[in-house]
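*Asks:* Okay, here's the structure, questions in a sec.
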Amino acid sequence: MTVTRRHLLVAVAAMPLARPALVQPALAQGTAPGWAPARPIRFVVPFAAGGATDVVARVLADRMGERLGQPVVVENRAGSGGNIGVENVVHAPADGTAILMGTTGTLTINQHLYGAMGFDPVKDLLPVGMAFATDHVVIVNERVPARTAPEFLAWLRANPGKASFGSAGSGSSTHMVAELFRTAAKVEVTHVPYRGSAPALNDTVAGNVQFMLDQLPSAIGMVQGGKVRALATTGPRRSTQLPDLPTMREIGLPDAEATSWGAVMVPRGTPAPVVARLSAVLREALADPAIQARLAAAGADAVSSTPEELQRKIGQEVETWGRVVREARITVN
């Protein structure tokens with residue numbers, strides 16, 4: 001894959017969430033009783049358990065279940081860069097009992113990478129609302145001979161082609177952000193895709209891959225437990241969870257600055273009152289300081305939006321990521 005500085009600038013414009021108005025935590029509008037689910041709700045996470053998307057979904061599921069009067073059960077359906085889980089919701093009954101935690105990759109990138117998905121996430125899903133945004137963190141196996149980000153960059157440049165990085169799958173945010181890092185740093189490394197962030201993280205701990213740019217919620221436990229060494233974060237400012245780590249800009253790689261986001265979606269055809277009720281309950285949960293604190297402790301920012309605001313955001317990023325994938329010639333393995 002060839003990525004030029006121009007491609008990076010385009011990609012960076014697409015990826016960071018500067019926390020604009022549409023995704024700032026907002027006070028929920030009234031959640032007066034209206035639609036109520038007749039049975040438990042499946043909350044499909046299109047990645048393996050333990051990753052950032054899974055962590056946030058589980059925090060929100062409990063609160064949403066309390067407000068809706070039915071359990072909201074997280075169901076992990078990993079594979080094909082998240083497409084298997086998304087397709088499961090696309091073909092589910094459009095009655096509010098199947099919801100999806102979509103991501104930057106599954107909602108705006110994958111359609112440009114996979115030639116025949118059998119569905120269109122823009123046409124076949126309806127937006128409920130934004131849920132979270134998160135930085136990525138550069139983590140390395142403990143055997144990597146680098147204690148700081150500059151030392152790591154120097155080691156990669158001195159050993160071209162010898163290091164590999166794991167990701168949640170080709171085209172996932174953990175892949176795309178690592179590609180930004182690779183090109184901005186001008187290093188030669190090998191991509192190893194997995195079926196989710198958790199198995200990629202486990203192999204980073206084991207040393208089967210040397211590093212990863214994982215989302216902070218899924219990596220922070222391993223970082224705090226001393227299983228991996230964290231060197232830098234990718235957000236526009238230092239992380240409150242890892243304040244001693246420099247940002248990409250601080251280590252001289254401003255073009256590698258990036259954040260990822262997640263949003264709740266339902267199958268096309270879901271009645272408007274159902275979407276409105278789910279959206280109100282979601283925004284109510286995200287406005288709760290206790291939920292915000294739990295997400296922050298996991299490394300994620302609680303962010304919210306109306307369905308209409310999310311629809312506009314998805315449309316903008318689909319267009320931007322299509323251009324990035326074409327110009328950078330990114331392909332799935």
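*Asks:* Just want to confirm a number: the relative contact order over the chain, from Cα pairs under 8 angstrom separated by 6+ residues, in percent.
*Replies:* Averaging sequence separation for qualifying contacts and normalising by length gives 32 percent for the chain.
*Asks:* Using modelled amide H (1.01 Å from N, peptide plane; none on Pro or chain starts), what sits under 5 Å from the amide H of F47, excluding residues fewer than 5 places away?
*Replies:* The answer is R77.
*Asks:* Using amide H atoms built 1.01 Å from N in the peptide plane, name the residues 5+ places from A98, or on other chains, whose amide H lies under 5 Å from its own.
*Replies:* Counting only residues 5 or more places away or on other chains, the set is R42.
*Asks:* Rg(Cα) of the chain divided by 2.2 N^0.38 Å?
*Replies:* Cα-based Rg divided by the globular estimate yields 0.95.
*Asks:* Still on this structure, I have one more. Among 272-279, 261-268, what's the highest-first ranking by average C-beta atoms within 10 angstrom per residue?
*Replies:* So the peptides 272-279, 261-268, ranked by packing, come out 261-268, 272-279.
*Asks:* Express the relative contact order of segment 135-256 as a whole percentage, based on alpha carbon pairs under 8 Å and six or more residues apart in sequence.
*Replies:* 36 percent.
*Asks:* Another one. Using 10 Å bins from zero, what percent of all Cα-Cα pairs in segment 135-256 falls into each bin?
*Replies:* 15, 53, 31, 0
*Asks:* Moving on. Tell me which trypsin sites (Lys or Arg not before Pro) from segment 125-219 have a DSSP coil assignment and no more than 11 other beta carbons within 10 Å of their own. Mind showing how you got there, number by number?
*Replies:* Details: sites: R143, R147, R157, K162, R182, K186, R195; in loops: R143, R147, K162, K186, R195.
When the trypsin sites (Lys or Arg not before Pro) of segment 125-219 are filtered for loop state and at most 11 Cβ neighbours within 10 Å, R143, R147, K186 remain.
*Asks:* Output ³J(HN,Hα) for segment 255-272: one whole-Hz value per residue in order, computed from phi by the Karplus curve 6.51 cos²θ - 1.76 cosθ + 1.60 with θ = phi - 60°, and x for Gly and Pro.
*Replies:* Those phi angles translate into 6, 9, 5, 6, 9, 10, 9, x, 8, 8, 10, 9, x, 4, x, 5, x, 4 Hz.
*Asks:* Where both partners of a DSSP beta bridge lie in the chain, what percent of those bridges are antiparallel, to the nearest 5?
*Replies:* Around 60 percent of the beta bridges assigned by DSSP in the chain are antiparallel ones.
*Asks:* Something else now. Mind putting a number on the dipole of the chain about its Cα centre? Charges go on the C-beta only, +1 for Lys and Arg and -1 for Asp and Glu, and I need it in Debye to the nearest 20.
*Replies:* 360 debye
*Asks:* Using modelled amide H (1.01 Å from N, peptide plane; none on Pro or chain starts), what sits under 5 Å from the amide H of L125, excluding residues fewer than 5 places away?
*Replies:* R268
*Asks:* At what distance in angstrom do the alpha carbon centres of segment 122-155 and segment 77-116 lie from each other?
*Replies:* 21 Å
*Asks:* To continue, here is another question. What does the charge count near L156 come to, summing +1 for each Lys or Arg and -1 for each Asp or Glu among other residues with Cβ under 11 Å from its Cβ?
*Replies:* Computed value for this residue: +2.
Each reported figure results from applying straightforward, stated rules to the coordinates on display, with no laboratory input. Values in this document were obtained by computation on a predicted structure and should not be read as measured data. Note that we place each Cβ from the backbone using ideal geometry, even for glycine, and neighbour counts take in every protein chain shown.
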